[in-house]
1. Determine the distance separating the Cα centre of the stretch A:52-103 from the Cα centre of the stretch B:48-63; give it in Å without decimals.
2. May I ask you to rank A:137, B:58 by accessible area, largest first, using a 1.4 Å probe over the protein chains only?
3. Might you tell me the accessible area per residue for the stretch A:11-80, computed with a 1.4 Å probe and given in Å²?
4. Provide the net charge surrounding residue B:173, with neighbours chosen by a C-beta distance below 11 Å and charges set as Lys +1, Arg +1, Asp -1, Glu -1.
5. To the nearest 10 square angstrom, what accessible area does residue A:207 show with a 1.4 Å probe?
6. What does the charge count around residue A:62 come to, taking other residues whose C-beta lies under 11 Å from its C-beta (Lys +1, Arg +1, Asp -1, Glu -1)?
7. At a probe radius of 1.4 Å, what is the per-residue accessible area of residue B:36, in Å² to the nearest 10?
8. What value in Å³ per residue do you get for the convex hull of the alpha-carbon atoms in the stretch A:138-188?
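The values are calculated or read from the model by the stated rules, or taken from the named source; none is laboratory data. Keep in mind it's a predicted model, so treat the numbers as computed, not measured. Neighbour counts are summed over all protein chains in view; Cβ atoms, including those assigned to glycine, are modelled from backbone coordinates with ideal geometry. Heads up: the accessible areas ignore ligands, DNA and RNA and are worked out on the full protein's heavy atoms, side chains in. Shrake-Rupley method; radii C 1.70, N 1.55, O 1.52, S 1.80 Å.
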2 protein chains.
Amino acid sequence: MQIAVVLFDRFTALDAVGPYETLGRLPGAETVFVAERTGPVRTDTGHLALTADAAFAEVPSPDIVVVPGGPGQTAQMENQALLDWLRTADATSTWTTSVCTGSLLLAAAGLLDGRRATSHWLALDWLKRFGAEPTGERVVVDGKYVTAAGVSSGIDMGLTLLGRIAGDEHAQAVQLMIEYDPQPPYDAGSPDKAPAHLVEKARAEIRSFVK
Amino acid sequence: MQIAVVLFDRFTALDAVGPYETLGRLPGAETVFVAERTGPVRTDTGHLALTADAAFAEVPSPDIVVVPGGPGQTAQMENQALLDWLRTADATSTWTTSVCTGSLLLAAAGLLDGRRATSHWLALDWLKRFGAEPTGERVVVDGKYVTAAGVSSGIDMGLTLLGRIAGDEHAQAVQLMIEYDPQPPYDAGSPDKAPAHLVEKARAEIRSFVK
C-alpha cells in the first residue's frame, strides 16, 4: 500500500501533514512525498520546506493520492506535469483525496466532474466553476474521491479514511496516539461560527487577488 | 519577533507543524526551523523530512521557542548541544513552549522544575520524574512556559498563545483561515475517552521499550 502526498511550491504545510500523521499510520503502508522534482519544497509562508523524496515519474501508481492546497495551488492549475500525473495516478488509485484547495487541482484535472466535493470555505464557488458539486460538509466521500475542507480538516479526513480502510479500532488507536481531543480556545473555525466581520474581511481579501 | 521551532531526528511532524501553522501567523513574526545542523531532518516515520534552515548557533535569542516531541526525544535527553541551546535560548525568550514529549526536553534542560506542565498522556509520569508538576490539561501556561499535550494539541497551544500575544480577534481570524472546526469521526482522543483496551494496549507498548 503506497500513499503519495503531492507537494508544490507554496503549499500549506498542515494540509499535507494532517493526512500524513493519520492516514500515514495505516499498517504496512509506505507514505511518499512526491513533486515535480525531488528536494525541498517551500510552503506558503516561505519559512518551512518539506522534502519531496520522489519525482512524479517514480510514483506512477500509488494506492492513495493526497493533494494538499495552499496559495501556490493557483499556479499549479496550469501545470500540465502535475495535472497529467494526477490523471495517471488516479487511473489506478484506490482512493484519490484532497485537503483545502487541493480539490481545485483534482477538479482542474477533470476528476471531480459532477461529484460531491468540498474545499476551503473561501474556495467553494471556484470548485463549482470547475464542475464539482460543493457541499458544506467537512469531509466528503463520493465513490473513491475524498475531499476535505480547509487546512486542519485533513486530520479529520485522514482518520475517516483510516477507519474505512483499517477499521474503526485502528483509527481510534491513532486518534489516541496523536491525542486528537481538540479543545480550540475559540469557536471561530468556520464561517458559520466566526464573528461576521472576520468572515467578511477574509472574503474581501480573497476578492482583492482572485479575479 | 522570531519564533524558533526545534527539529531533531525522529521528531513527530504534527508536533512542529501545528504551532507553525497557528502561532507562526503572528503578524510580523519570522519562524525559523532550527537544529543542530542545517538540512533535512527526518520524522519518526522516516517517510518525511522537514528542512532545518538554521543551526543552533545562528539563532541564539529567539523570542519564542517551540520544542516538539516524538520517539527521537529519548536520545535527545542526553544531547548536550540541544540542552545547552534550550537553556541559552530560554534565558532571553519571552515564551518557551513545547508540544507532546518536547516538555521532557525542557524538563531535562532544567527549565520546568516545580512548574505546572503537560506532555503526551503516556509521558506524564516521566515528566514528573524530571521535576515538573504534570496536569491533565491540554494546554498549560505557567509563567512564560506553555506546554501542550500530545501531537495534535500544538494547534490548540498555538492558537492560545497567539490570542495572548496578538489578541483574540487575530487568533480567531487564524482559526477561521485554517478552518479549525474539528469534527473527529471518533471520540477517542484522550485516555479518558478512548476504549479502555486501546489505552491499555498503548501503555503496554510504551512499557515494552521504556524502562
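1. First find each Cα centre; the distance between them is then 30 Å.
2. B:58, A:137
3. 32
4. Taking every other residue near residue B:173 into account, the sum is -1.
5. 140
6. -4
7. Accessible area, nearest 10 Å²: 80 Å².
8. 79
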